[in-house]
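The values are calculated or read from the model by the stated rules, or taken from the named source; none is laboratory data. Computed from a predicted structure; not experimentally measured. All Cβ positions, glycine included, derive from the backbone under ideal geometry; neighbour counts span all protein chains shown.
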Amino acid sequence: MSNQTATARAHTNIALIKYWGKTNSKLTIPTTSSLSLTLDHFYTETSVTFQPELQHDQIIFNQKLLSEKQARRISNFLDLVRIQSNCQAYALVETVNHVPTAAGLASSASGFAALAAAASRASGMDLSNKELSRLARKGSGSATRSIYGGLVEWRHGIGDHSSYAMPLSESPQWDLVVIALLFDKKQKQISSTIGMERSKQTSPYYQDWVKQSALDLKQIKRAIHHQDFTSFGEIVEANAMNMHALTISAQPSYTYFNGQTIQAMELVQQLRKQGIPVYFTLDAGPNLKIILQRSNLAAVKARLTSVFGQDQYVVVAAGPGIQYLK
Ligand code: DP6
(Lines give C-alpha, C1' and ligand atoms only; values in the text may rest on other atoms or scores of the structure.)
Protein backbone atom coordinates (compact mmCIF):
# COMPACT_ATOMS: atom_id res chain seq x y z
CA MET A 1 0.00 0.00 0.00
CA SER A 2 1.09 3.57 -0.56
CA ASN A 3 2.64 5.63 2.21
CA GLN A 4 2.15 8.89 0.42
CA THR A 5 0.99 12.20 1.70
CA ALA A 6 -1.73 14.06 -0.11
CA THR A 7 -2.72 17.63 0.75
CA ALA A 8 -5.90 19.37 -0.29
CA ARG A 9 -7.52 22.74 0.24
CA ALA A 10 -11.29 23.22 0.27
CA HIS A 11 -13.25 26.41 0.75
CA THR A 12 -16.36 26.72 2.82
CA ASN A 13 -19.73 27.71 1.42
CA ILE A 14 -22.81 29.65 2.41
CA ALA A 15 -26.15 28.05 1.59
CA LEU A 16 -28.52 30.25 -0.44
CA ILE A 17 -31.18 27.53 -0.61
CA LYS A 18 -30.74 25.55 2.59
CA TYR A 19 -30.25 21.88 3.33
CA TRP A 20 -32.07 21.17 6.59
CA GLY A 21 -32.89 17.50 7.13
CA LYS A 22 -32.06 14.02 5.94
CA THR A 23 -34.05 11.07 4.64
CA ASN A 24 -31.07 8.83 5.41
CA SER A 25 -28.70 9.92 8.19
CA LYS A 26 -26.12 7.22 7.63
CA LEU A 27 -25.62 8.16 3.98
CA THR A 28 -26.54 11.86 4.40
CA ILE A 29 -29.29 11.87 1.79
CA PRO A 30 -31.06 15.24 2.20
CA THR A 31 -34.80 15.83 2.13
CA THR A 32 -34.30 18.73 -0.30
CA SER A 33 -31.88 19.94 -2.94
CA SER A 34 -29.80 22.98 -2.00
CA LEU A 35 -27.74 25.74 -3.56
CA SER A 36 -24.65 27.46 -2.19
CA LEU A 37 -21.89 29.90 -2.94
CA THR A 38 -18.34 28.72 -2.26
CA LEU A 39 -16.42 31.51 -0.54
CA ASP A 40 -12.90 32.75 -1.24
CA HIS A 41 -11.50 33.73 2.17
CA PHE A 42 -12.45 30.77 4.33
CA TYR A 43 -10.83 27.40 3.75
CA THR A 44 -9.36 24.28 5.32
CA GLU A 45 -6.07 22.62 4.39
CA THR A 46 -5.63 18.97 5.21
CA SER A 47 -2.76 16.50 4.74
CA VAL A 48 -3.31 12.77 5.07
CA THR A 49 -0.76 9.95 5.21
CA PHE A 50 -1.76 6.33 5.74
CA GLN A 51 0.96 4.72 7.86
CA PRO A 52 1.02 0.95 8.48
CA GLU A 53 2.89 1.40 11.77
CA LEU A 54 0.13 3.49 13.43
CA GLN A 55 -2.14 1.82 16.00
CA HIS A 56 -5.00 4.28 15.48
CA ASP A 57 -5.76 7.44 13.48
CA GLN A 58 -3.93 10.56 14.67
CA ILE A 59 -5.71 13.79 13.98
CA ILE A 60 -3.90 17.07 14.49
CA PHE A 61 -6.34 19.94 14.27
CA ASN A 62 -4.86 23.46 14.27
CA GLN A 63 -1.63 21.98 15.71
CA LYS A 64 -3.39 20.15 18.55
CA LEU A 65 -3.68 16.38 18.77
CA LEU A 66 -7.33 15.41 19.17
CA SER A 67 -8.44 12.82 21.71
CA GLU A 68 -9.99 9.63 20.37
CA LYS A 69 -13.42 10.94 21.29
CA GLN A 70 -12.87 14.26 19.50
CA ALA A 71 -11.48 12.42 16.48
CA ARG A 72 -14.34 9.93 16.20
CA ARG A 73 -16.29 11.62 13.41
CA ILE A 74 -13.10 11.97 11.34
CA SER A 75 -12.03 8.39 12.07
CA ASN A 76 -15.46 7.11 11.06
CA PHE A 77 -15.08 8.98 7.80
CA LEU A 78 -11.57 7.54 7.27
CA ASP A 79 -13.11 4.07 7.72
CA LEU A 80 -15.25 4.78 4.66
CA VAL A 81 -12.15 5.77 2.69
CA ARG A 82 -10.38 2.61 3.87
CA ILE A 83 -13.28 0.44 2.73
CA GLN A 84 -13.56 2.19 -0.64
CA SER A 85 -9.81 2.07 -1.35
CA ASN A 86 -9.11 -1.27 0.28
CA CYS A 87 -6.42 0.33 2.41
CA GLN A 88 -5.84 -1.18 5.85
CA ALA A 89 -3.61 1.41 7.54
CA TYR A 90 -4.45 4.12 10.02
CA ALA A 91 -3.80 7.70 9.02
CA LEU A 92 -1.97 10.74 10.23
CA VAL A 93 -4.18 13.75 9.48
CA GLU A 94 -2.98 17.32 9.86
CA THR A 95 -5.59 19.93 9.31
CA VAL A 96 -5.51 23.70 9.57
CA ASN A 97 -8.72 25.63 9.52
CA HIS A 98 -8.73 29.11 8.02
CA VAL A 99 -12.40 29.61 8.82
CA PRO A 100 -12.80 31.95 11.79
CA THR A 101 -15.14 30.09 14.13
CA ALA A 102 -16.63 33.50 14.78
CA ALA A 103 -17.91 33.63 11.21
CA GLY A 104 -20.46 30.94 11.97
CA LEU A 105 -19.78 29.28 8.67
CA ALA A 106 -19.97 25.52 8.52
CA SER A 107 -16.32 24.56 8.89
CA SER A 108 -17.51 20.97 8.48
CA ALA A 109 -18.13 21.88 4.81
CA SER A 110 -14.53 22.81 4.02
CA GLY A 111 -13.26 20.29 6.60
CA PHE A 112 -14.83 17.18 5.14
CA ALA A 113 -14.33 18.32 1.53
CA ALA A 114 -10.59 18.75 2.15
CA LEU A 115 -10.43 15.47 4.09
CA ALA A 116 -12.26 13.56 1.35
CA ALA A 117 -9.87 14.89 -1.30
CA ALA A 118 -6.65 14.36 0.67
CA ALA A 119 -7.61 10.97 2.12
CA SER A 120 -8.83 9.55 -1.18
CA ARG A 121 -5.60 10.60 -2.94
CA ALA A 122 -3.38 9.37 -0.10
CA SER A 123 -5.12 5.99 -0.19
CA GLY A 124 -4.30 5.68 -3.88
CA MET A 125 -7.73 6.49 -5.32
CA ASP A 126 -8.19 8.98 -8.13
CA LEU A 127 -11.82 10.06 -7.75
CA SER A 128 -13.74 12.30 -10.13
CA ASN A 129 -15.28 15.43 -8.62
CA LYS A 130 -18.65 13.71 -8.68
CA GLU A 131 -17.31 10.75 -6.72
CA LEU A 132 -15.51 13.11 -4.37
CA SER A 133 -18.73 15.03 -3.78
CA ARG A 134 -20.52 11.78 -2.90
CA LEU A 135 -17.72 10.82 -0.53
CA ALA A 136 -17.57 14.24 1.19
CA ARG A 137 -21.36 14.05 1.65
CA LYS A 138 -20.93 11.11 4.01
CA GLY A 139 -18.76 13.31 6.25
CA SER A 140 -21.09 16.30 6.34
CA GLY A 141 -23.93 17.34 4.04
CA SER A 142 -22.66 20.84 3.36
CA ALA A 143 -19.26 19.37 2.33
CA THR A 144 -20.96 17.81 -0.72
CA ARG A 145 -21.03 21.29 -2.31
CA SER A 146 -17.53 22.48 -1.30
CA ILE A 147 -15.92 20.30 -3.99
CA TYR A 148 -16.87 22.97 -6.53
CA GLY A 149 -16.33 26.72 -6.73
CA GLY A 150 -18.91 29.46 -7.28
CA LEU A 151 -22.61 28.63 -7.28
CA VAL A 152 -23.17 24.95 -6.59
CA GLU A 153 -26.30 22.84 -6.57
CA TRP A 154 -26.63 19.64 -4.54
CA ARG A 155 -29.42 17.53 -6.00
CA HIS A 156 -30.92 15.48 -3.22
CA GLY A 157 -31.18 12.26 -5.22
CA ILE A 158 -32.67 9.09 -3.81
CA GLY A 159 -29.58 7.24 -2.61
CA ASP A 160 -25.82 7.15 -2.48
CA HIS A 161 -25.31 7.18 -6.24
CA SER A 162 -27.70 9.96 -7.14
CA SER A 163 -26.99 12.46 -4.33
CA TYR A 164 -24.11 14.77 -5.26
CA ALA A 165 -23.32 18.37 -6.15
CA MET A 166 -22.52 20.06 -9.43
CA PRO A 167 -21.76 23.61 -10.48
CA LEU A 168 -24.80 25.59 -11.53
CA SER A 169 -24.98 25.71 -15.32
CA GLU A 170 -25.79 29.42 -15.47
CA SER A 171 -23.83 32.15 -13.71
CA PRO A 172 -25.24 35.56 -12.93
CA GLN A 173 -23.57 38.60 -14.45
CA TRP A 174 -23.69 40.55 -11.22
CA ASP A 175 -20.58 40.76 -9.02
CA LEU A 176 -21.86 39.08 -5.88
CA VAL A 177 -20.23 39.83 -2.54
CA VAL A 178 -21.07 38.54 0.90
CA ILE A 179 -20.44 40.43 4.12
CA ALA A 180 -20.04 37.98 6.98
CA LEU A 181 -20.82 39.57 10.33
CA LEU A 182 -18.74 38.22 13.20
CA PHE A 183 -20.92 38.37 16.28
CA ASP A 184 -20.45 35.16 18.12
CA LYS A 185 -17.31 33.13 18.70
CA LYS A 186 -18.97 30.50 20.86
CA GLN A 187 -19.60 26.99 19.55
CA LYS A 188 -23.22 26.58 18.64
CA GLN A 189 -25.43 25.09 21.34
CA ILE A 190 -27.34 22.85 18.98
CA SER A 191 -25.32 21.38 16.11
CA SER A 192 -26.79 21.44 12.60
CA THR A 193 -26.97 17.63 12.67
CA ILE A 194 -29.13 17.63 15.80
CA GLY A 195 -31.04 20.79 14.93
CA MET A 196 -32.19 19.61 11.52
CA GLU A 197 -33.25 16.23 12.87
CA ARG A 198 -35.31 17.89 15.60
CA SER A 199 -36.98 20.16 13.04
CA LYS A 200 -37.79 17.22 10.81
CA GLN A 201 -39.18 15.11 13.65
CA THR A 202 -41.20 17.77 15.43
CA SER A 203 -41.97 20.89 13.40
CA PRO A 204 -45.55 20.81 12.07
CA TYR A 205 -44.35 22.86 9.09
CA TYR A 206 -41.58 20.54 7.96
CA GLN A 207 -43.36 19.02 4.97
CA ASP A 208 -44.52 22.46 3.78
CA TRP A 209 -40.92 23.59 3.96
CA VAL A 210 -39.80 20.68 1.76
CA LYS A 211 -42.37 21.75 -0.86
CA GLN A 212 -41.49 25.44 -0.62
CA SER A 213 -37.79 24.67 -0.92
CA ALA A 214 -38.28 22.95 -4.29
CA LEU A 215 -40.19 26.01 -5.49
CA ASP A 216 -37.47 28.35 -4.18
CA LEU A 217 -34.80 26.45 -6.08
CA LYS A 218 -36.78 26.60 -9.30
CA GLN A 219 -37.44 30.31 -8.89
CA ILE A 220 -33.90 31.26 -7.94
CA LYS A 221 -32.64 29.56 -11.11
CA ARG A 222 -35.18 31.60 -13.05
CA ALA A 223 -33.98 34.77 -11.32
CA ILE A 224 -30.38 33.93 -12.27
CA HIS A 225 -31.42 33.24 -15.85
CA HIS A 226 -33.18 36.61 -16.06
CA GLN A 227 -30.34 38.42 -14.26
CA ASP A 228 -32.88 39.57 -11.69
CA PHE A 229 -30.90 40.37 -8.51
CA THR A 230 -33.95 41.58 -6.59
CA SER A 231 -35.80 38.27 -6.98
CA PHE A 232 -32.59 36.39 -6.27
CA GLY A 233 -32.10 38.24 -2.97
CA GLU A 234 -35.75 37.96 -1.96
CA ILE A 235 -35.71 34.19 -2.49
CA VAL A 236 -32.44 33.76 -0.56
CA GLU A 237 -33.77 35.73 2.40
CA ALA A 238 -37.18 34.02 2.47
CA ASN A 239 -35.60 30.58 2.20
CA ALA A 240 -33.33 31.31 5.18
CA MET A 241 -36.22 32.62 7.27
CA ASN A 242 -38.30 29.55 6.44
CA MET A 243 -35.47 27.31 7.59
CA HIS A 244 -35.13 29.23 10.83
CA ALA A 245 -38.90 29.05 11.33
CA LEU A 246 -38.39 25.28 11.55
CA THR A 247 -36.16 25.76 14.59
CA ILE A 248 -38.65 28.02 16.34
CA SER A 249 -41.55 25.66 15.55
CA ALA A 250 -39.66 22.55 16.72
CA GLN A 251 -40.35 20.84 20.06
CA PRO A 252 -38.52 21.89 22.17
CA SER A 253 -38.22 25.17 20.32
CA TYR A 254 -34.82 26.72 19.75
CA THR A 255 -33.24 29.46 17.66
CA TYR A 256 -29.82 30.38 16.32
CA PHE A 257 -30.69 34.10 16.41
CA ASN A 258 -29.38 36.40 19.09
CA GLY A 259 -30.06 40.08 19.74
CA GLN A 260 -27.41 41.25 17.29
CA THR A 261 -28.82 38.98 14.58
CA ILE A 262 -32.16 40.79 14.84
CA GLN A 263 -30.44 44.17 14.96
CA ALA A 264 -28.53 43.34 11.76
CA MET A 265 -31.69 42.08 10.04
CA GLU A 266 -33.34 45.43 10.80
CA LEU A 267 -30.33 47.26 9.43
CA VAL A 268 -30.59 45.31 6.15
CA GLN A 269 -34.29 46.19 5.94
CA GLN A 270 -33.48 49.88 6.52
CA LEU A 271 -30.85 49.83 3.78
CA ARG A 272 -33.46 48.39 1.41
CA LYS A 273 -35.90 51.14 2.33
CA GLN A 274 -33.18 53.60 1.27
CA GLY A 275 -33.11 51.90 -2.11
CA ILE A 276 -29.99 49.72 -1.68
CA PRO A 277 -30.71 46.14 -2.79
CA VAL A 278 -29.22 44.07 0.05
CA TYR A 279 -30.49 40.79 1.46
CA PHE A 280 -29.44 38.42 4.21
CA THR A 281 -29.08 34.77 4.97
CA LEU A 282 -27.71 32.79 7.92
CA ASP A 283 -26.86 29.18 8.66
CA ALA A 284 -26.89 27.42 12.02
CA GLY A 285 -25.50 30.33 14.01
CA PRO A 286 -26.24 33.96 14.88
CA ASN A 287 -23.91 35.58 12.35
CA LEU A 288 -25.82 37.18 9.53
CA LYS A 289 -24.42 37.10 5.99
CA ILE A 290 -25.35 40.08 3.86
CA ILE A 291 -25.69 39.44 0.13
CA LEU A 292 -25.15 42.37 -2.22
CA GLN A 293 -23.61 43.54 -5.46
CA ARG A 294 -20.11 44.99 -5.29
CA SER A 295 -21.37 48.33 -6.62
CA ASN A 296 -23.13 48.89 -3.27
CA LEU A 297 -20.29 47.67 -1.08
CA ALA A 298 -18.96 51.07 0.03
CA ALA A 299 -22.38 52.31 1.17
CA VAL A 300 -23.17 49.13 3.08
CA LYS A 301 -19.74 48.97 4.71
CA ALA A 302 -20.02 52.57 5.90
CA ARG A 303 -23.31 51.75 7.56
CA LEU A 304 -22.07 48.55 9.18
CA THR A 305 -18.96 50.27 10.48
CA SER A 306 -21.02 53.01 12.11
CA VAL A 307 -23.38 50.53 13.80
CA PHE A 308 -21.16 47.52 14.66
CA GLY A 309 -17.55 48.70 14.09
CA GLN A 310 -15.21 47.63 11.35
CA ASP A 311 -13.83 44.60 13.22
CA GLN A 312 -17.21 42.93 13.21
CA TYR A 313 -17.42 41.95 9.57
CA VAL A 314 -15.43 40.44 6.70
CA VAL A 315 -16.11 40.93 2.99
CA VAL A 316 -15.90 37.75 0.91
CA ALA A 317 -16.68 36.73 -2.67
CA ALA A 318 -16.99 33.58 -4.76
CA GLY A 319 -14.18 31.10 -4.19
CA PRO A 320 -12.71 28.10 -6.03
CA GLY A 321 -13.36 24.37 -5.79
CA ILE A 322 -11.07 21.71 -4.40
CA GLN A 323 -7.32 22.17 -4.88
CA TYR A 324 -4.51 19.65 -4.41
CA LEU A 325 -1.41 21.23 -2.96
CA LYS A 326 1.23 18.53 -3.26
C1 DP6 B 1 -27.76 25.49 7.97
O2 DP6 B 1 -23.71 20.09 6.73
O3 DP6 B 1 -23.39 20.99 9.07
O4 DP6 B 1 -25.59 25.24 7.02
O5 DP6 B 1 -24.81 17.01 7.30
O6 DP6 B 1 -25.37 16.92 9.71
O7 DP6 B 1 -23.04 17.56 8.99
P8 DP6 B 1 -24.52 17.58 8.66
O9 DP6 B 1 -24.98 19.09 8.67
P10 DP6 B 1 -24.29 20.39 8.06
O11 DP6 B 1 -25.58 21.31 7.90
C12 DP6 B 1 -25.56 22.53 7.26
C13 DP6 B 1 -26.84 23.25 7.49
C14 DP6 B 1 -26.89 24.67 7.01
C15 DP6 B 1 -27.52 24.77 5.63
C16 DP6 B 1 -26.68 24.34 4.46
O17 DP6 B 1 -25.43 24.40 4.52
O18 DP6 B 1 -27.29 24.02 3.42
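The condition of being of a type in the set (D, E, K, R), loosely packed, with under 15 Cβ neighbours inside 10 Å, modelled with pLDDT of 95 or more and within 22 Å of Tyr148 (Cα to Cα) holds for only one of Lys218, Lys211, that being Lys218. Among the residues of the range 229-238, is there at least one that is among the charged types (D, E, K, R), outside any helix (DSSP H, G or I) and surrounded by 14 or more Cβ atoms within 10 Å (Cβ to Cβ)? No, the range 229-238 has no match at all.
Could we say that Gln251 is over 28 Å from Ser107 (Cβ atoms) and free of Cβ contacts under 8 Å to residues at least 24 places away in the same chain here?
Taking the combined requirement at face value, the residue does not satisfy it.
The residue that is farthest from Phe50 (Cα to Cα), among those in the range 124-142 that are among the hydroxyl-bearing types (Ser, Thr, Tyr) and surrounded by 24 or more Cβ atoms within 10 Å (Cβ to Cβ), is Ser142. A single member of His156, His98 is within 16 Å of the ligand (Cβ to nearest atom), in contact (Cβ under 8 Å) with a residue 24 or more places away in the chain, not small (Gly, Ala, Ser) and not assigned by TED's automatic domain parsing to the domain that holds Leu182, and it is His156. Away from the ligand (no atom under 16 Å from the Cβ) and under 14 Å from Ile179 (Cβ atoms): is that true of Lys273 in this structure? It is false that Lys273 is away from the ligand (no atom under 16 Å from the Cβ) and under 14 Å from Ile179 (Cβ atoms). If you take the residues in the range 160-200 that are among the small types (Gly, Ala, Ser) and within 16 Å of the ligand (Cβ to nearest atom), which one is farthest from Gln219 (Cα to Cα)? In this case the residue turns out to be Ser191.
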